[in-house]
Every structure is written in C-alpha cells, then in structure tokens.
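Contents: one structure, followed by commentary.
The values are calculated or read from the model by the stated rules, or taken from the named source; none is laboratory data. This is a predicted model, so every value here is computed, not measured. Please note: Cβ atoms are built from the backbone with ideal geometry, for glycine as well, and neighbour counts cover all protein chains shown.
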Amino acid sequence: MCGTFLAVWAVVDYIGAAVMLDFTFVRWWIPAIVAFAVAAVSGLLLWRMWKWLTCRSTFILNYICHILFFTGLFMIAQLAVNHYVPSGEPSRHEKALVAKVYKEKRYHTKRVRRNVYTRGAPYYVYCADLRLENGSTSTISLNRKRYDSLHKGDSIGIVVCRGFLGWEELRTDSIKYPAQHRKKHKRRNIPRRRPSHKDRM
C-alpha cells in the first residue's frame, strides 16, 4: 500500500512540475539537472531507507528508487519556491502574440478493481501557445468559451514577474484577453420573385 502511495506521489510530482514549467520561462533541463544532482548526492547517504520497499539490501536498486522519487520531488520544490516565495521585484506588463490555439484529447482513468485501472471516457483540454516580445514561449489553458473566441495572431495582455530563484513567470490569473466579438454572418441576397399573372388575379 505504501509503495503504491509513493508511486502515485512521484507521478504527481512530475506532472505538477510539467504544468508549472508551462508558465515558467526556464529551460526544463535546468531544474531537472539540479534536482537530479541533489537526488544523486543524497542517495549516497539515504539509499538504505528504501530497503523496506524493495526488500533488498543491494545498493543499485535502492539507489535508483531514491533518484526516481526525489528527482521529481526536488524539481517541483524548486518551481514551487520560485513561484510562491516573493522576490520583491516589480512585475511588468507585456503584449503576447497567440501563436497557436488547439485542443487535445485525453482520457479519464477508470477503476476496474483494486489497484487496477484502465482508460475511461475521453475529454478535451483547450490550450494556446503564446510568444512573448523577447521570443520566449508559454502555454496556457483555456475554457471552451475562450477557445472558441481566441484566434491565431490575436494579441493579449500578460503580466510577467521574476520569481524567488530568478526565473521569470507568466501570471495566468492576470491575462487580459481581447474583446469577444460575435461572428458576423453574411446576409444572403435572395432575389425577389416577380409576381406572376396568377398572383395578380
């Protein structure tokens, strides 16, 4: 049971780190390398703590378990510190160009029986890729209404701030979207029918 909990925890860490990297302007391999290095060094001292899970006293197996778990933990920890700890520097307002608007098909997880899961019903998530003035890119999530109204080439207002570790971030709660305009439908010019002789009678 504890092994399953740790496995789920590790997956959540990696998914959370991937989500935070979408609005953090840093190359993904920078926090990944730092996290891996810290996990590798700490594993030299803490590898024995995994013997209860692997039921083995071998160094390699326990060391790998430690690296896999703590790399994700240290990675999301860096991004969380950069995001939630204030840096004291003022934020700035910029204009971002919508480079792409798209949707992705994903699937819910369906439980078959205890500890056995399979792919469930499909659902869609809506996203937009943004390009900033300095060439940086970011991905934001959209609801269905925003997805229908936003188009490639639109310009939106964003707020960029520097985090505690010096990595700049996009504040997704401060995005100013362009005004939503209803699509105008062309009015069809239907020629009027001339009244026939029968209509006049």
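Some observations on this one:
- Any hit, region 161-175, residues being farther than 27 Å from I30 by Cβ and either among the small types (G, A, S) or modelled with pLDDT of 90 or more (or both): no
- The residues listed here are A40, A80; of these, the one that is in contact with a helix residue (DSSP H, G or I) (Cβ under 8 Å, 6 or more places away or on another chain), farther than 30 Å from E133 by Cβ and part of a helix (DSSP H, G or I) is A40.
- Per-region count, region 18-35, residues under 20 Å from D173 (Cβ atoms) and not in a loop (DSSP other than H, G, I, E, B): 7
- Lone qualifier among V34, V11, V38 - being exposed (fewer than 14 other Cβ atoms within 10 Å of the Cβ) and either of a type outside the set (S, T, Y) or closer than 23 Å to F164 by Cα (or both): V11
- Only a single item in (1) out of contact with any Lys or Arg (no Cβ under 8 Å at 6 or more places or on another chain); (2) farther than 30 Å from S138 by Cα is not met by N62, and it is number (1).
- Residue in region 83-133 that is nearest to the chain's Cα centre (by Cα), counting only those that are over 30 Å from F164 (Cβ atoms) and among the hydrophobic types (A, V, I, L, M, F, W, C): V101
- Qualifying residue in region 121-142 (condition: surrounded by 10 or more Cβ atoms within 10 Å (Cβ to Cβ), among the polar types (S, T, N, Q) and free of Cβ contacts under 8 Å to residues at least 40 places away in the same chain): yes
- Scanning region 143-153 for residues that are crowded, with 16+ Cβ neighbours inside 10 Å and either among the polar types (S, T, N, Q) or in a loop (DSSP other than H, G, I, E, B) (or both) gives S149, L150.
- Number of positions in region 92-120 that are outside any loop (DSSP other than H, G, I, E, B) and either in contact (Cβ under 8 Å) with a residue 60 or more places away in the chain or among the small types (G, A, S) (or both): 7
- Which numbered condition T71 misses (of (1) among the hydroxyl-bearing types (S, T, Y); (2) in a helix (DSSP H, G or I); (3) over 19 Å from V8 (Cβ atoms)): (3)
- Total residues in region 123-140, condition touching a helix residue (DSSP H, G or I) at 6+ places or on another chain (Cβ under 8 Å) and of a type in the set (S, T, N, Q): 2
- Test set (1) over 20 Å from the mean Cα position of the chain (by Cα); (2) over 25 Å from A80 (Cβ atoms); (3) modelled with pLDDT of 80 or more - K184 fails condition number: (3)
- Residue selected from region 88-120 under the condition surrounded by 11 or more Cβ atoms within 10 Å (Cβ to Cβ) and of a type in the set (V, I, T), by the criterion farthest from C2 (Cα to Cα): V98
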